[in-house]
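Worksheet: the structure to be examined is printed underneath.
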Amino acid sequence: MQGAKLRLKLELTRSADGSLAGKLTSIDQGNAAIPVKETTFDGKKLILSIPMIQGSYEGLLDEAGQKLTG
């Protein structure tokens, strides 16, 4: 689906040791799960590495802590 726009849902969880894990769900592809290999968050910036789709994401959290932009 190169060039297609798909809706994705991001789920992040924090483990007992404080590390983050994530997965994407492709809503438009029958809720296909896409694992996030690396997740880092410094309180303001979120960085995701998603090799399964040769992708990455970098976004900034707004001052209210409600919305990521990137």
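The values are calculated or read from the model by the stated rules, or taken from the named source; none is laboratory data. Source: prediction; values computed, not measured. The accessibility values were calculated without ligands, DNA or RNA, using every heavy atom of the protein model including side chains. Shrake-Rupley method; radii C 1.70, N 1.55, O 1.52, S 1.80 Å.
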Quiz item: What ³J(HN,Hα) values, in whole Hz, does the Karplus curve 6.51 cos²θ - 1.76 cosθ + 1.60 give for segment 16-26 when θ = phi - 60°, with x put for Gly and Pro?
Solution: 4, 7, x, 6, 9, 10, x, 8, 9, 10, 8
Quiz item: Tell me, what is the per residue accessible area of the chain in Å², probe radius 1.4 Å?
Solution: 76
Exercise. Heads up, I need the accessible area for S19: 1.4 angstrom probe, whole protein in place, Å², nearest 10.
Key: 60
Quiz item: So how much accessible area does K44 have, in Å² to the nearest 10, using a 1.4 Å probe?
Solution: 80
Quiz item: For the chain, which whole-number percentage of the solvent-accessible area (1.4 Å probe, protein heavy atoms only) is attributable to carbon and sulfur atoms?
Solution: 51
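Percent relative contact order of segment 1-68, based on C-alpha pairs within less than 8 angstrom and at least six residues apart?
Normalised by residue count, the contact order of segment 1-68 is 18 percent.
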